[in-house]
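Chemist: If you scroll down you'll find the structure; I have some questions about it.
No value in this document is a laboratory result; all are computed from the given coordinates. Just so you know, these numbers come straight off a predicted model, no measurement behind them. Here the Cβ positions follow ideal geometry from the backbone for every residue, glycine too, while neighbour counts run over all protein chains shown.
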Amino acid sequence: MRSTSLSKTLFWKILRQLSSIAALVLLGGLLSATLVRLAPGFDADERQLDPSLNAESVRALHEAHAGEHNILGFYIGYLRGAMHGDLGISHALGQPVQSLLRERWPVTVRVAGIGLLLAWLMGMTLALTACLWRFPAYEVLGIMLSGAFLCIPAAVLALLSVILNAPGYLAIALIVFPKIYRYSRNLLAKAYALPHITAARARGVGEIRILAWHVVPLAGPQMIALAGVTISIALGASIPVESLCGLPGIGQLAWQAALSRDLPLLVNLTVLVTLVTLMANSAADVMNFAMNYSLKPREV
């Protein structure tokens, strides 16, 4: 009976999340198109400066952007095409947006994914050892290390990776690491300071058992939420890292599209990033809801 109630409640929870995601993705794409349309120099096209172009070629370039002046009409046409698998043509690269995304997303998934895993490994290792060992000097070292990387801009870390010939995912790991360490360190310290954990230590309960049975259930929901947030941070960090390191991924594509004010490409990238971010946060929310529901005491 309880499992049936959980399944039903979880179904409606997921349905509400999906409806919210769909509405926010549509709104995000429209806002992105509006901001690009209102940006200074929207109508400028560097190809018009080519002296070898005749009047007909210049007129053709103007007509290529004519349909983008009415932003609502452009967005409705974009949605109609997207429903049939047509995401438009990139003005800057002259290629279908769908093929560009298909070619470049594996690079971003690999770079951002490895960087995210390294960041979690470094952050959680440092946070756990600081809570277990409780050496003041070690804790100060962790605070100074995370604070130093927190103060360094993402572009500077990307440049350092180029200078040192380090992989791009290492720069992403160093960008995300301070957020994970500081948040998880506070959560674990708060959990370890609870009276029942102090009593368990006094009775000789091992640290591994305390961590598995007392600390993780308390800090787990917040850690899951943090995981969803760090995915968004890693995606944002991939833009300067891929652009400066010369990695042909989604981040570099977004930078090129922003410089050239490529409206079809920017709208699709905004929709993609918004979708991934909302899916990650919604998945964390649903997991936390399922955990809290399963741990709720049964009614008599």
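Chemist: For an R0 of 25 angstrom, estimate the FRET efficiency from the Cβ-Cβ distance between Val140 and Glu207 and round to the nearest 0.05.
Modeler: 0.70
Chemist: Decide, for segment 147-300, between rounded, prolate and oblate: order the square roots of the alpha carbon gyration tensor eigenvalues as a ≥ b ≥ c, take rounded if a/c falls under 1.5, and otherwise choose prolate if a/b is larger than b/c, else oblate.
Modeler: oblate
Chemist: What spacing in nm lies between the two simple spin-label points modelled at Leu164 and His196, each 7 Å away from Cα in the Cβ direction?
Modeler: The two pseudo-label positions are separated by 4.3 nm.
Chemist: Right, here's the next one. What shape does segment 2-295 have by the C-alpha gyration tensor, where a ≥ b ≥ c are the square roots of the eigenvalues, rounded means a/c under 1.5, and otherwise prolate means a/b greater than b/c and oblate the rest?
Modeler: oblate
Chemist: Want the number for Arg80 to Leu15: 0.36 nm per residue separation, take away the alpha-carbon distance, what's left?
Modeler: Length gained between Arg80 and Leu15: 21.0 nm.
Chemist: How much length is gained if the chain between Val156 and Ala189 is pulled fully straight, taking 0.36 nm per residue apart and subtracting their Cα-Cα distance, in nm to one decimal?
Modeler: Working it through step by step, the gained length comes to 8.7 nm.
Chemist: Now a separate question. So who's got an amide H within less than 5 Å of the one on Leu93, skipping anything under 5 residues away but keeping other chains? H placed 1.01 Å off N, in plane.
Modeler: So Leu93 has HN proximity to no qualifying residue.
Chemist: How high is the FRET efficiency from Leu259 to Gln98, r the C-beta distance, R0 25 Å, rounded to 0.05?
Modeler: Plugging the Cβ-Cβ distance into 1/(1 + (r/R0)^6) gives 0.70.
Chemist: Through the Karplus equation 6.51 cos²θ - 1.76 cosθ + 1.60, θ set to phi - 60°, convert the phi angles of segment 193-203 into ³J(HN,Hα) values in whole Hz; use x for Gly and Pro.
Modeler: 8, 5, x, 5, 6, 4, 5, 5, 5, 5, 8
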